[in-house]
Amino acid sequence: MITLSHYLILSLILFSIGIAGVLLRRNIIIVLMSLELMFNSINISLAAFSHFLQSMTGRIFVVFTITVAAAEVAVGLAILVAVYRQRKTVYIEELDEMKH
Amino acid sequence: MVSWLILFIPLIAAVLITFVTRKQKDLSSYVSIGAVVLCFILSIDPILTLLKDPHMKPVEQGFSWINIPGLHVEIGTLLDPLSILMLFVVTFVGSLIHIYSRGYMHGEHGYSRFFACMSLFIFSMLGIVLANNFIQIYIFWELVGLSSYLLIGYYFEKPSASDAAKKAFLVNRVGDFGFILGIFVLFQATGTFNFIEINHILEKGGIPESTIYIAALLIFCGAIGKSAQFPLHVWLPDAMEGPTPVSALIHAATMVAAGVYLLARTSLLYHFSPDAMEVVAYIGGFTALLAAVIAVAQNDIKRVIAYSTLSSLGYMVMAMGVGGMTAGMFYLTTHAFFKALLFLAAGSVIHALHTQDIWEMGDVFKKLKTTGTTFILGSLAMAGVFPFSGFWSKDEILTIAFTSHHYFLFTIGILVAFVSAFFMTRLVFVTFFGKGRYHGHPHESPSVMTVPLVILAFFAVVAGFAGMPWIEPNFGSYIAGPLHGGHGEHGFNLFVAGLSTAVVIAGIALGYIVYCKELKSDPLAKNVLYNLAHNKFYFDEFYDNIIVAKVYNGIGRICNFAEVNFIIIFFVNGFAYLTRETGKVLRLTTTGKLQHYALVMVAGVVVLVLFFGVL
Amino acid sequence: MELIFFYIFAIVALASAIAVISIRNPVHSAIFLMVCFLQVAALFVLLRSPFLAAVQIFVYVGAVMVLFLFAVLILDLGRERFGEYLHHQSPIAIIVVVGLIFVIGLGLARGKLDAPLGKYTEAELVKNIEVTGELLYTKYVFPFEVISLLLLVAMVGAIVLVMKERK
């Protein structure tokens with residue numbers, strides 16, 4: 001029998017992998033992919049709660065999350081392309097002009 | 001509702017004059033006069049209510065201004081016999097003086113400014129009169145200080161006028177500092193600013209007498225400043241630099257009486273602290289005597305009247321101190337009439353002769369019949385001759401001093417009555433009779449000035465009858481009723497009345513003997529005492545050379561030393577150093593690297609979950 | 001039976017996720033990301049949410065993945081240079097991530113599900129596409145409209161951002 005905890009633990013580990021990706025990788029595309037992983041882990045827990053609580057709210061929320069994630073990816077990648085044209089780099093470390 | 005209207009009409013007038021009718025001088029004066037006359041008409045209704053029912057309940061209207069736990073401040077109005085009386089005095093005398101000003105100030109530049117300031121003053125004064133709590137009275141207390149400053153400094157291009165304005169303001173500040181401290185002490189003890197609530201709490205008892213004593217003395221500081229009592233009396237004579245109607249309205253009839261009004265308002269406080277009352281009484285008595293003696297040796301017609309005002313204020317304060325709240329208020333009322341009259345008549349003389357030195361006047365009675373007659377009537381009232389108003393009010397104060405066994409103060413009062421009669425006689429004879437020492441051709445003032453004189457003269461003569469001890473109900477029964485501080489009834493003491501009449505007659509006789517001659521200068525000028533008094537007992541010099549030069553500059557030097565050696569090193573430079581060093585450390589955190597920030601964020605999440613989710 | 005499938009999907013998802021963040025070639029990362037998305041879609045099926053599974057495949061595997069691949073190809077990224085794919089803060093980062101797993105895991109272990117159950121029965125949830133549609137057009141119609149506007153804005157924004165200015 002699968003319990004809620006199964007899904008939540010899976011979600012937690014997936015989320016942590018996403019965070020690790022954001023914190024560890026220099027390539028900004030991989031960072032964006034890690035963000036997608038985090039979105040997915042949250043979706044899993046939302047859907048799991050929705051399922052085990054016999055409610056629809058979580059599922060509806062997942063729909064919204066996916067939409068927002070799609071929008072985020074579109075804008076994020078567009079920014080990435082624009083930045084790459086300017087700076088010829090995809091390494092986050094080299095994009096630190098904001099501190100000045 | 002009416003009280004709010006009365007309060008705000010002068011403010012509206014002041015704003016209107018400042019922003020709309022500034023260029024049209026005539027219109028400005030009409031707006032200002034209209035406002036104060038309207039206030040008078042509106043206050044007739046409360047006056048009639050009071051006259052119908054001497055035991056009327058105080059009508060209080062207020063709304064919350066600041067309401068936080070532990071502090072409740074309201075803005076409100078209080079109509080009780082005391083404030084209705086002051087309402088009458090302020091609006092009635094104010095109306096006449098405004099009308100008079102229209103003639104007196106004719107042709108002055110800044111005519112509109114004058115009337116705007118006058119309206120502002122009426123607003124502030126009514127604010128004091130109608131206030132139902134200490135914070136409000138303090139705000140308006142400062143506002144009358146401001147309007148007084150503006151009006152004393154009306155001729156601001158004259159250095160003496162602007163200096164006098166600054167002096168009045170700063171000296172008042174000294175007293176007001178004590179006043180606000182007193183309010184705080186009282187608030188700490190009672191937890192409220194409202195007069196009626198404070199009175200209830202005081203009646204219930206339970207507040208230690210030492211607290212009441214301190215609060216009463218500190219609040220008295222405010223009265224000392226505003227009513228120009230010793231040792232802060234130095235500003236009032238200098239305030240005569242302002243136009244004469246200002247001297248009449250602010251520095252004789254109303255504003256300086258605010259201190260006395262404050263004492264009457266808080267009379268219950270003094271009732272519970274006999275020690276504080278003693279202090280009040282002796283300061284008042286001393287001021288009365290000091291000012292009366294100085295008045296003898298002054299040569300400026302306005303300064304003589306100013307010192308007589310000081311003396312009268314001392315009298316009122318003394319009355320408050322010996323427990324005669326109603327007597328003090330009665331004297332305040334009659335004083336408002338005859339002193340406003342004296343100032344306005346003096347203004348009329350100045351208007352005609354273009355000088356203020358009484359030794360450049362003389363023998364003008366024939367030319368200035370109306371002015372002269374009204375001035376003499378006012379002088380008789382001031383001197384306290386039977387049956388003029390001054391006699392009744394002074395008699396009441398003396399009776400209380402006598403019956404409450406303050407024999408020393410009673411003696412001072414008798415002495416002051418004698419000296420007052422003497423210097424008023426001197427003023428009248430030197431100004432209006434004797435040898436003509438004036439230049440030019442004086443002529444009587446226009447009727448816009450003389451009509452208010454006649455009306456005021458009428459009241460100066462008859463107002464005293466309201467306080468005759470054997471009519472019922474008289475002045476005292478209206479005012480004393482709901483306020484428990486003062487003794488309501490005073491009998492008529494034949495000994496006191498006889499003695500005061502005798503010394504007044506003696507004073508007038510002495511004045512007649514000395515001054516009813518063809519004189520060129522003061523025959524007493526060689527006298528040592530005269531010189532002392534002429535120089536105001538060197539109070540100004542004392543303040544300038546000792547207080548300011550030694551004490552004040554000494555404190556300044558200590559402060560400078562402390563600032564240079566401690567404040568700057570430890571605080572100014574210390575904080576700068578601290579900020580710079582902190583910045584150096586904190587700068588390390590601003591790396592501009594996105595993932596550093598993300599790491600800190602996640603670590604923060606871990607800590608937050610640890611604290612709020614798990615532990 | 002379900003449990004076995006759950007473990008298969010879960011392990012594949014986690015493995016591919018780890019691959020995503022550890023492989024140097026971005027194209028390979030993208031492929032593994034797609035694998036991970038597919039496993040999540042399968043998990044949605046296990047959670048009796050076929051609609052979500054379909055949306056997951058359409059949006060993520062279809063649209064988002066294509067975007068990622070396009071981006072990788074447009075930017076012409078080769079393999080990252082050796083030794084540069086791990087950030088220099090990695091030791092602290094790993095400690096923090098382990099800490100996160102630990103505290104949230106602790107919370108999960110201690111936690112107890114006591115929220116009230118919803119009104120939908122098991123049977124209704126199975127055919128939840130109708131219910132989802134109904135809710136989206138009734139109760140959640142306003143968020144629905146807002147989110148569509150957001151998509152429009154994102155689309156316009158993305159186009160404007162990458163558009164080359166004409167000289």
* **Long-range neighbours under 6 Å by Cβ, at least six apart or interchain, first residue modelled with pLDDT of 90 or more within segment C:146-161, second assigned to a helix (DSSP H, G or I) and of a type in the set (Phe, Trp, Tyr)** => C:147/A:64
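Restrict the check to segment B:64-77 and report whether at least one residue is under 25 Å from the mean Cα position of the chain (by Cα) and crowded, with 22+ Cβ neighbours inside 10 Å.
yes
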* Report yes if some residue within segment B:48-60 is surrounded by 24 or more Cβ atoms within 10 Å (Cβ to Cβ) and either touching a Pro at 6+ places or on another chain (Cβ under 9 Å) or at pLDDT below 85 (or both); otherwise report no. => no
* Structure fact -> Sole miss for residue A:12 among (1) facing chain C (nearest Cβ under 7 Å); (2) buried (at least 22 other Cβ atoms within 10 Å of the Cβ) is condition (2)
* Asked: How about segment A:21-48: which of its residues are facing chain C (nearest Cβ under 8 Å) and either farther than 26 Å from residue C:20 by Cα or among the polar types (S, T, N, Q) (or both)?
  -> A:27, A:34, A:40, A:43
* Structure fact -> Matching residues in segment A:53-67 (facing chain C (nearest Cβ under 7 Å) and assigned to a helix (DSSP H, G or I)) number 7
* Exactly one of (1) surrounded by 21 or more Cβ atoms within 10 Å (Cβ to Cβ); (2) of a type in the set (Ser, Thr, Tyr); (3) at the interface with chain C (Cβ under 7 Å from one of its Cβ atoms); (4) closer than 22 Å to residue C:1 by Cβ is unmet by residue A:5. Its number? -> (1)
* Structure fact -> In segment B:522-580, residues that are within 21 Å of residue B:234 (Cβ to Cβ), surrounded by 11 or more Cβ atoms within 10 Å (Cβ to Cβ) and among the charged types (D, E, K, R) total 4
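So which residues in segment B:595-615 are loosely packed, with under 11 Cβ neighbours inside 10 Å and not in a loop (DSSP other than H, G, I, E, B), if there are any at all?
Within segment B:595-615, B:611, B:612 meet the criteria.
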* Asked: If you take the residues of segment B:391-438 that are among the basic types (Lys, Arg) and assigned to a helix (DSSP H, G or I), which of them is surrounded by the most Cβ atoms within 10 Å (Cβ to Cβ)?
  -> B:394
* Elements of type helices (runs of 4 or more DSSP H) in segment B:522-594, at least 3 residues being hydrophobic (A, V, I, L, M, F, W, C) -> B:528-534, B:553-562, B:574-587
* To do: Go through C:74, C:18 for me and flag whichever is β-branched (Val, Ile, Thr) and at pLDDT 85 or above.
  => C:18
* Asked: Is it the case that segment A:69-92 has a residue that's over 24 Å from residue C:108 (Cβ atoms), more than 7 Å from chain C (Cβ to nearest Cβ), of a type in the set (Ser, Thr, Tyr) and in contact (Cβ under 8 Å) with a residue 60 or more places away in the chain?
  -> yes
* To do: Sort out which residues of segment B:224-246 are part of a helix (DSSP H, G or I) and over 11 Å from the mean Cα position of the chain (by Cα), and write them in order of number.
  => B:235, B:237, B:238, B:239, B:240, B:241, B:244, B:245, B:246
* Structure fact -> Expected single match for within 10 Å of another protein chain (Cβ to nearest Cβ) and either touching a Phe, Trp or Tyr at 6+ places or on another chain (Cβ under 7 Å) or outside any helix (DSSP H, G or I) (or both) among C:43, C:67 is C:43
* Mind listing just one residue for me: the one in segment B:159-200 that is farther than 27 Å from residue B:130 by Cβ and touching a helix residue (DSSP H, G or I) at 6+ places or on another chain (Cβ under 7 Å) and, of those, surrounded by the fewest Cβ atoms within 10 Å (Cβ to Cβ)? => B:160
* Structure fact -> (1) modelled with pLDDT of 85 or more; (2) under 23 Å from residue C:44 (Cα atoms); (3) within 8 Å of chain A (Cβ to nearest Cβ) all hold for residue C:97 apart from (2)
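Sort through B:174, B:185 and tell me the only one that's under 17 Å from residue B:149 (Cα atoms) and over 14 Å from the mean Cα position of the chain (by Cα).
Only one candidate qualifies: B:174.
The values are calculated or read from the model by the stated rules, or taken from the named source; none is laboratory data. Since the structure is predicted, the reported quantities are computational estimates derived from the model, not experimental observations. When we count neighbours, we look across all protein chains shown, and the Cβ atoms used for this are built from the backbone with ideal geometry, even at glycine.
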